[in-house]
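Have a look at the structure below, then the notes.
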Protein chains: 2
Amino acid sequence: MTTTTPLSPTDRTKLRREKERAAIDRAALAEVLLAGMFCHLGVVIDGAPLVLPTAYGVDLDEGADGTLYLHGSVAARSVVASPGQTICVTVTHADGLVLARSAFHHSVNYRSAVIFGLPRLVTDPDEKLHGLNRIVDHLVPGRSTAVRPPSRKELAKTSVLALDLTEASVKTRAGAANDDEEDLDLPYWTGVIPLRVVAEEPITNPDCTLAIPTHIRNRADQLSAAVVTG
Amino acid sequence: MTTTTPLSPTDRTKLRREKERAAIDRAALAEVLLAGMFCHLGVVIDGAPLVLPTAYGVDLDEGADGTLYLHGSVAARSVVASPGQTICVTVTHADGLVLARSAFHHSVNYRSAVIFGLPRLVTDPDEKLHGLNRIVDHLVPGRSTAVRPPSRKELAKTSVLALDLTEASVKTRAGAANDDEEDLDLPYWTGVIPLRVVAEEPITNPDCTLAIPTHIRNRADQLSAAVVTG
């Protein structure tokens, strides 16, 4: 269960336009984060934005705001620059191409979360391992217990950032195309091409003779399950 | 055909780590951009990064660096803030989850392009329409000629930004998981779960009685064609 404390909009998370697309509770945020696999991390370096794709993990404990974990090489610019500055983490699901009769009303069905915050560099070894496990298990549930855990040397090469899920906005669009009244009789097809991310059959490494384990099979099946959101 | 002028790395597009993942020519950049549907736009607002998903279009003319087009409501913060400041546009394809025997060597197969530049607000009406058509046709080739074009009023509500494709980096990872020599005999399955974006059957709007046209059918088929990249 995720918490349902309302998200408190700040000036930068308040949705100014298309307010009907705003989801205002933590359950919506949790849903977007749990369904996603990757985020785009935005940091400012020398005054310019840098946006990089990366994996993430989450803790969404009942009664708390929750935490998002990011990781990277200690040498990565995005990670090095992050502590002490506000970062932006965006998770997006593209659910469909919305094709209206008018070019103007073309749109995209999507679910997205935008999170701002001052990340904390995780230094406690236990929390660092916990954060890394959350990231691995976010990609494939159960994976963190089916691998060799990181060594002390590997942990030293890796930075883990924790971001409180306190300042966030969620925005979604779903459903059919919406044209202006006066365009409804135009001779142009209108509708939605639904999109989704699927997994293909897992590919065992050439140097591995083991059978595909249940946690891998489950994840591939779950990602491929047909859920048409339009 | 796309140009093959080498990308000139600047300090911020030079890849510092995992240099073997860097693609250095314009053909690689064009491939990532043409295969993508959405980008993440990073801007700096009040000193903090803002990362938003958005559609894009491209002109990749032979012999020129090429242009990326973005659009948005004239009221959108990201668009309003963009002219006069450096923006970052990132296009990412997540191609697979790379599951190693060690937690440390877990990775992601991906193709990504990161583009920096000072965007130009397009004011010429012809180029504005051209940019919007490039965006619509990027999502569904041929769509811009099968819709009602934007009216003058609609054009006035829309901002179009043009970004020269001069400063960019491309990074990719593909293939199997790579473990350390001493981990090769560990009893953990290792391999890749390939991922891809597919289109479902197009959904005609309830208020539309027309058959699904060829350009829509082609796009849905093309997006669903099995291309396992691992």
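Put simply, chains B and A cover up around 7100 Å² of each other's accessible surface, both sides summed, when a 1.4 Å probe is used. Measuring gaps between exposed loop sites in chain B (GluC sites (Glu not before Pro); DSSP loop; at most 13 other Cβ atoms within 10 Å), the longest gap, sites not included, is B:63-230.
Find the accessible area per residue for the stretch B:19-177; the probe is 1.4 Å, ligands and nucleic acids are left out, and the unit is Å².
Working: 5870 Å² over 159 residues.
I get 37 Å² per residue for the stretch B:19-177.
The tail of the calculated P(r) for the stretch B:152-214, taken as Cα-Cα distances beyond 17 Å, holds 77 percent of the pairs.
Ligands, DNA and RNA aside, residue B:215 has an accessible area near 30 Å² when probed at 1.4 Å.
Magnitude of the charge dipole for the protein assembly as shown, about its Cα centre and with charges confined to Cβ atoms of Lys, Arg (+1) and Asp, Glu (-1), is about 580 debye. Largest to smallest in accessible area, the residues B:217, A:120, A:101 fall in the order A:120, B:217, A:101 (1.4 Å probe, all protein chains included).
Counted over the stretch A:81-137 with a bin width of 10 Å, the fraction of Cα pairs per bin, in whole percents, is 18, 28, 27, 16, 10, 2. Farthest towards the positive end of the charge dipole of chain B, among the residues B:224, B:118, B:64, is the Cα of B:118, using unit charges on the Cβ of Lys, Arg, Asp and Glu. Using a probe of 1.4 Å on the protein chains alone, the accessible area found for residue B:216 is around 0 Å². Note on the stretch A:73-104 and the stretch B:107-166: Cα centroid distance 19 Å, given to the nearest whole angstrom. Computed from the C-beta positions of residue B:73 and residue B:145, the FRET efficiency with R₀ = 25 Å rounds to 0.55.
Of the lysine pairs in the protein assembly as shown, how many meet both conditions: Cα atoms under 14 Å apart, and a spacing of 8 or more in sequence or different chains? Show your work: numbers first, answer last.
Details: A:14/A:171; A:19/A:171; A:128/A:153; A:128/A:157; B:14/B:171; B:19/B:171; B:128/B:153; B:128/B:157.
So the count works out to 8.
Heavy-atom accessible surface of residue A:145, to the nearest 10 Å², is about 120 Å², with a 1.4 Å probe and all protein chains retained.
Fully extending the segment from residue A:218 to residue A:81 would add 45.6 nm, taking 0.36 nm per residue of separation and subtracting the current Cα-Cα distance.
Would you kindly work out the equivalent ellipsoid of the stretch B:19-177 from its C-alpha gyration tensor and give its semi-axes, the square roots of five times the eigenvalues, largest first in whole Å? The partial results should precede the final answer.
Values: eigenvalues 187, 64, 43 Å².
In descending order, the three semi-axes are 31, 18, 15 Å.
Seen against the Cα atoms of chain B and their longest principal axis, helix B:26-35 is set at about 70 degrees.
Here the sum of -39500 (n - 2.57) over DSSP H runs of 4 or more residues, divided by the residues of chain B, equals -6000 deg cm²/dmol at 222 nm, to the nearest 500. With the radius of gyration and the Kirkwood radius both derived from the Cα set of the protein assembly as shown, what is their ratio Rg to Rh? Rounded to two decimals, Rg/Rh equals 0.95. For the segment B:35-42, counting C-beta atoms of other chains within 10 Å of every residue's C-beta and taking the mean gives 5. Counting only Cβ charges, +1 for Lys and Arg and -1 for Asp and Glu, the dipole size of chain B around its Cα centre is about 760 debye.
The values are calculated or read from the model by the stated rules, or taken from the named source; none is laboratory data. The shown structure was predicted, so the numbers you read here are calculated from the model rather than taken from an experiment. Methodologically, a virtual Cβ is constructed for each residue, glycine included, from the backbone with ideal geometry; neighbour enumeration extends over all protein chains shown. Keep in mind that these areas ignore ligands, DNA and RNA; they rest on the heavy atoms of the full protein, side chains included. Shrake-Rupley method; radii C 1.70, N 1.55, O 1.52, S 1.80 Å.
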